[in-house]
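Every number here is computed from the coordinates shown, using simple stated rules; none is lab data. All of these numbers come straight from a predicted model, not from anything done at the bench. Ideal geometry is used to build each Cβ from the backbone, glycine not excepted, and the neighbour counts take in all protein chains shown.
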Amino acid sequence: MSTAQQGIGSGFGARSTADEVLKDIDLTGKLALVTGGYSGIGLETTRSLVRAGARVVVPARRPEAARAALDGLDRVEVDALDLGDLESVRAFAERFLASGRTLDIVIDSAGIMACPETRVGPGWEAQFATNHLGHFALVNRVWPAIEPGGARVVSVSSAGHHRSGIRWDDIDWRHGYDKWAAYGQAKTANVLFAVELDRLARERGVRAFALHPGGIITPLQRHLTTEEMVERGWIDADGNPIDPDAFKSPQQGAATQVWAATSPRLDGMGGVYLEDCDIAGLAPEDGGPGGVKQWAIDPEQATRLWALSAERTGVDAFADRS
């Protein structure tokens, strides 16, 4: 099978850090937008981008918590944004566009994982709505700031996409909610979003990537009980990782999204899924770990999801395309 999902030998790997990836990259004068940029791997992403010279806008559902986490960092600004509330997304985008600035990097790093059954908006399942629809609306609304600078848009997915493709017959989990499969569907949506955005935007100089950052213990696990994480073999009863080598540090976890956003090795590329600072291969047919599932990079499903997302959010920066 011919596929763009083939490694390119980046020189970095699973244990590379965001700072190492950016060591020879000068981002002076560049502007990045990082959702979730005040917690977990998003915080490390913000720190590393700033150290490389960039200015970073961090939209946050909890602005005061974000300002506290980012205190002492130069060239960072925080604004209010709740990805689960499309009106909040619209208001943030309008404020940002009013500043007249151009974006060079957009990293959609915020997300929720394995939460109890929750509904937002008109009854949408919260993980799909927050992780996918909120970012879809955000990117489309700030498109006037993305296109002029030929920005890279980075969609942070997960190996969790292996758990489920898009459930076209029940996207909102009206029947038999499974928090892990719902997370998997949302992460598949993150990949399909990058595939279709790249197809639509590449002729305008904008490229998009999706990625798995690796396994990292961060606040993303906040909806899991200690008992659940013990049962999965992640931690012991005292909260300590059972196998520290099985997890990346937050700095290592931030590396692939920073590499996606800045590496000259990716010039002229896009619409691919990355892991461990390289282009990932296809997932093994026997269900083994690693790689990207075919359902997450299927162009027909990507186009179908885009149409559904545009209908739900009421925004499509490419609506006038022929």
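Note the full-extension length gain between Arg95 and Asp24 as 0.36 nm times their separation in residues minus their Cα-Cα distance, in nm to one decimal.
Fully extending the segment from Arg95 to Asp24 adds 22.2 nm.
What relative contact order, as a whole-number percentage, does the chain give when Cα pairs under 8 Å and 6 or more residues apart are counted?
Over the chain, the number comes to 22 percent.
With the crude spin-label approximation of a point 7 Å out along Cα→Cβ, what separation in nm comes out for Asp71 versus Glu87?
3.2
Given a Förster distance of 25 angstrom, what is the FRET efficiency for Arg119 paired with Arg304, based on the Cβ-Cβ distance and rounded to 0.05?
Using R0 = 25 Å, I get an efficiency of 0.60.
Sum up the charges of everything whose Cβ sits under 12 Å from the Cβ of Ala126, counting Lys and Arg as +1 and Asp and Glu as -1, but leave Ala126 out. Let's see the in-between values first.
Numbers: positive: Arg119, Lys179; negative: Asp82, Asp85, Glu117, Glu125, Asp172.
For residues surrounding Ala126, the net value is -3.
Which of the GluC sites (Glu not before Pro) across region 282-322 are loop residues per DSSP, with 11 or fewer other Cβ within 10 Å? Write out the running numbers ahead of the final one.
Working: sites: Glu285, Glu300, Glu311; in loops: Glu285.
Loop-located and lightly packed - Glu285.
Rounded to two decimals, what is the ratio between the C-alpha radius of gyration of region 101-208 and 2.2 N^0.38 Å?
Relative to the 2.2 N^0.38 Å estimate, region 101-208 comes out at 1.11.
Using the Cα gyration tensor of region 1-122, with a ≥ b ≥ c the square roots of its eigenvalues, what is the shape: rounded (a/c below 1.5), prolate (a/b larger than b/c) or oblate (neither)?
Oblate, because a/c is 1.5 or more while a/b does not exceed b/c.
Pairs on different chains or at least eight residues apart, Cα atoms closer than 22 Å: how many lysine pairs in the chain fit?
Taking the chain as the scope, the lysine pair count is 5.
When the Debye formula is applied to the Cα atoms of the chain, each taken as the same point scatterer, what base-10 log of I(q)/I(0) results at q = 0.08, 0.09 Å⁻¹?
-0.32, -0.41
Could you work out the relative contact order of region 26-155, using alpha carbon pairs under 8 angstrom and six or more residues apart, expressed as a whole percent?
Working: 231 pairs, mean separation 33.6, N = 130.
Taking the mean separation of contacting Cα pairs over the length of region 26-155, I get 26 percent.
Give the range of the longest stretch in the chain that excludes all chymotrypsin sites (Phe, Trp or Tyr not before Pro) found in loop regions by DSSP and having at most 15 other beta-carbon atoms within 10 Å.
1-167
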